[in-house]
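The structure appears right after this line, and notes come after that.
Only the coordinates and a few stated rules stand behind these numbers; no lab work does. None of these values were measured; they are calculated from a predicted model. Quick reminder, even Gly has a Cβ in these numbers, built from the backbone with ideal geometry, and neighbours come from all protein chains shown.
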Amino acid sequence: MDLKEALGDELYSQVTEKLKGNDKIKLANLADGGYVGKEKFDTSEATVADLKKQLESRDKDIAALKKSAGSNEDLTKQLGNLQTKYKTDTEALQTKINQNALNAALDFGITKAKGKNTKAVKALLDPSKLSLKDDGTVDGLDAALDALKKSDSYLFEQVETKPEGTGFHSGTPNPDAPEAKQVADAFAAARGNF
């Protein structure tokens, strides 16, 4: 259901008329995937910036190649050098993109596991045992975090559980507990003797 269906034609027209020219408010239908999480956005921004730098570098190299268009042998050599450089740059960029995606997924997973300091938790993880899956989650992270919760529990928020028992809780006796009944009976008997 879109906003127009939800509000009706008349109310939708009023809302859109009020918002015309307002640059601070935008209408978006989140159901169609128009919203992207901060982690994915940051990763995409870093990727775009790297790609722009790489394109600028290639444009400069091509311009220099056009200027120095000497003999065919020189051009072939320059072309081979540029192809090697571009292949190396592309591999380095792909590695950086993969690392950014892994870091974003690790941060999300650690935060979800109630980690207090993502940087400290990541420092204790063994990266050779972690890999990014196609769905954006980290394979092996749950087991690694469970082990860290046992060995370094101070890095995670503690979930307090109240102990269950039949005796006393917070200093108040449970009147249904057998021990409490015995004490109450003994107290009543002792009181009757005075």
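A compact table of results
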quantity: Test: Gln83 is surrounded by 11 or more Cβ atoms within 10 Å (Cβ to Cβ) and in a helix (DSSP H, G or I); calculated: no
quantity: Region 119-152 - residue that is of a type in the set (Ser, Thr, Tyr) and out of contact with any strand residue (DSSP E or B) (no Cβ under 7 Å at 6 or more places or on another chain) and, of those, surrounded by the most Cβ atoms within 10 Å (Cβ to Cβ); calculated: Thr137
